[in-house]
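These notes are about the structure you will find just below.
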Amino acid sequence: MKSEEQLKYILTHNEFPKKKWKSYLKSIGLILFSLLCLSLCWIVIYAFRKAIITNTLQKELFYIGIPFFLVFSFYGLAILFSIKNEWTADRKFREIEFKGSPSDNLKKIIEVLKNNFRVKVIDVDKKTNSVSVWTKISLLTWGNVITVICDTDRILVNSQPSGSQPFSYGQQKRNIDKLEKIIKTNTNN
């Protein structure tokens, strides 16, 4: 599952180590998406400008192009910011206080994951007191990998897309929130 060095890094920094190739690919994808949005907007503006200069369109049609440009630009920027936030969130672990020994906590976490998530595969590493769960494909994602590491008096939880999808519409955050809520309600009872 994870090497000892990677596990030490995760326990001290609460995040996966950075992978250079992944950040390069994400940056290239972000730039290409930005260029696509801008080019579509400029094509529309150019077409309307050319049509107005040659008087082939009525003036009212020009006013359709301006809202299209503004809405599409805003939509493109909103998607870019949400993608950027998801890309940085998939490396970070959320820390949840959880009393007990790591091995006992691991057993409880495995049961919680089995009972509350659509689990496809479970990979348990008792040596490092960690578990990785692959969820099934849903309407919005190709599945997620939920990683839980049990440490003394805390657990670290992370959720990432299992495939190469650029974003998962907040499913990663919902997985972590759901697991945290279940753990806190079980410890309070």
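A short reminder: the numbers here are calculations on the coordinates, not readings from a lab. The model shown is predicted, which means the values in this text are computed figures rather than measured ones. Heads up, the Cβs are rebuilt from the backbone with ideal geometry, glycines too, and the neighbour counts pull from every protein chain shown.
Within the range 105-117, track down each residue that is exposed (fewer than 12 other Cβ atoms within 10 Å of the Cβ) and not polar (S, T, N, Q).
E111, K114
Please enumerate the residues belonging to the range 123-135 that are touching a Phe, Trp or Tyr at 6+ places or on another chain (Cβ under 9 Å) and surrounded by 14 or more Cβ atoms within 10 Å (Cβ to Cβ).
Selection gives V133, T135.
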